[in-house]
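The values are calculated or read from the model by the stated rules, or taken from the named source; none is laboratory data. Worth saying up front: this structure is predicted, and the values here are computed from it rather than measured. Cβ placement follows ideal geometry from the backbone for every residue including glycine, while neighbour counts extend to all protein chains displayed.
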Amino acid sequence: MKKNFLIATIALFAIQCSKSDVKTEVSTDKIAVENLEKSEEISTDSLKIFAGETKKLLVKNITAQIAKGGVESSEEFCNIEAMPLTKSMSDKHGLFISRVSDKMRNPKNIANAEELKLIKNYKKQLLAGEILKPIRTETHYYEPLLTNAMCLQCHGEPGKNIQPKVVAEIAQLYPKDLATGYKDNEVRGLISIKTK
């Protein structure tokens, strides 16, 4: 009698455990499907808008800082605020948005191997007179960042576009800076948005 009771208890325990495992597998599969559906819902047009919003937010804030304290004050502002501003857009859209470069100022903005290939390719396309288009992969959206007159005040040529006070501020804040020497309409880097 005790033996039958023990066998029945073990069998019941095994059935309960297997039911529990099935629930876990089903819920894990459901989460995976929901995440896949969520990532597929993000259209390339939406990602283009998110990249544009990020660029506009940075330009708006840097322009305001230049108007308030001059170009040299924008260096300290960018040193402290550029990454949090970019992160605010990541938080807003629930994605990881970053700015990366092959010639970074902030070491946190160094492009990875894939991004370096894209930057190099964008530079070749620009030299060939081609129109630069965003790139969408399975896991990312990339859009080139091009220089303009405003950018050159901090990323142009020292003594030509960059004032001596700004050169000194850059040297103090970014001793390993590589992000000068640009001319108008050159590829400065990428906006990178991780979609999965």
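Give me the pairs: first residue in region 76-95 and surrounded by 16 or more Cβ atoms within 10 Å (Cβ to Cβ), second residue among the acidic types (Asp, Glu), beta-carbon distance under 9 Å, and six or more apart or on different chains, which are they?
Filtered contacts from region 76-95: Met89/Glu53; His93/Glu53.
Inspect region 168-175 for any residue being surrounded by fewer than 13 Cβ atoms within 10 Å (Cβ to Cβ) and within 24 Å of the chain's Cα centre (by Cα) and give the result as yes or no.
yes
Restricting to region 75-122, and then to whatever is assigned to a helix (DSSP H, G or I), farther than 26 Å from Pro164 by Cα and small (Gly, Ala, Ser), can you tell me which residue is farthest from the chain's Cα centre (by Cα)?
Step one: filter region 75-122 for residues assigned to a helix (DSSP H, G or I), giving 75-93, 107-109, 113-122.
This time we only want the ones that are farther than 26 Å from Pro164 by Cα, so: 84-93, 113-122.
From what's left, small (Gly, Ala, Ser): 88, 90, 113.
Values: Ser88: 11, Ser90: 8, Ala113: 14 Å.
The residue in question is Ala113.
Within region 180-196, take every residue that is of a type in the set (Gly, Ala, Ser) and part of a strand (DSSP E or B) and give me the one that is surrounded by the most Cβ atoms within 10 Å (Cβ to Cβ).
Gly189
Only one of these is of a type in the set (D, E, K, R), out of contact with any Pro (no Cβ under 8 Å at 6 or more places or on another chain) and closer than 27 Å to Ile42 by Cβ: Lys103, Lys108, Lys160, Lys124. Name it.
Working: Lys103 fails: closer than 27 Å to Ile42 by Cβ; Lys160 fails: closer than 27 Å to Ile42 by Cβ; Lys124 fails: closer than 27 Å to Ile42 by Cβ.
After applying the criteria, what remains is Lys108.
For Glu138, are the conditions met, namely being modelled with pLDDT of 95 or more, farther than 19 Å from Asn106 by Cβ and either among the charged types (D, E, K, R) or not assigned by TED's automatic domain parsing to the domain that holds Ser98 (or both)? Steps first, please.
Values: modelled with pLDDT of 95 or more: no; farther than 19 Å from Asn106 by Cβ: yes; either among the charged types (D, E, K, R) or not assigned by TED's automatic domain parsing to the domain that holds Ser98 (or both): yes.
When the stated conditions are applied, Glu138 does not pass them.
Being assigned to a strand (DSSP E or B) and among the hydrophobic types (A, V, I, L, M, F, W, C) is the filter; apply it to region 124-179 and report the residue that is farthest from Asn61 (Cα to Cα). Full working, then the answer.
The initial filter retains those residues of region 124-179 that are assigned to a strand (DSSP E or B), namely 135-136, 140-146, 158, 162.
Applying the additional criterion that residues be among the hydrophobic types (A, V, I, L, M, F, W, C) yields 135, 145-146, 162.
Values: Ile135: 27, Leu145: 17, Leu146: 18, Ile162: 19 Å.
The extreme case among them is Ile135.
Anything in region 40-69 that is touching a residue at least 60 places away in the same chain (Cβ under 8 Å), surrounded by 14 or more Cβ atoms within 10 Å (Cβ to Cβ) and over 14 Å from the mean Cα position of the chain (by Cα)? List them, or say none. Full working, then the answer.
Pass one, region 40-69, residues touching a residue at least 60 places away in the same chain (Cβ under 8 Å): 42, 44, 47-48, 50-51, 54-55, 59, 62-63, 66.
Of the ones still in play, those that are also surrounded by 14 or more Cβ atoms within 10 Å (Cβ to Cβ) are 42, 47-48, 50-51, 54-55, 62, 66.
Residues satisfying the conditions are Ile42, Ile62, Ile66.
Considering only residues of region 147-158 that are touching a helix residue (DSSP H, G or I) at 6+ places or on another chain (Cβ under 8 Å) and without any contact (Cβ under 8 Å) to a residue 60 or more places away in the chain, which is surrounded by the most Cβ atoms within 10 Å (Cβ to Cβ)? Can you show your working first?
Start the filter on region 147-158 by keeping residues that are touching a helix residue (DSSP H, G or I) at 6+ places or on another chain (Cβ under 8 Å), which leaves 147, 150, 153-154, 158.
The next check asks that each one be without any contact (Cβ under 8 Å) to a residue 60 or more places away in the chain; those that pass are 147, 158.
Working: Thr147: 18, Pro158: 14.
Looking at the filtered set, the residue picked out is Thr147.
Would it be correct to say that Lys120 is surrounded by fewer than 15 Cβ atoms within 10 Å (Cβ to Cβ) and assigned by TED's automatic domain parsing to the domain that holds Leu58? Before you say what the answer is, go through the steps one by one.
On the way: surrounded by fewer than 15 Cβ atoms within 10 Å (Cβ to Cβ): yes; assigned by TED's automatic domain parsing to the domain that holds Leu58: yes.
So Lys120 passes the test.
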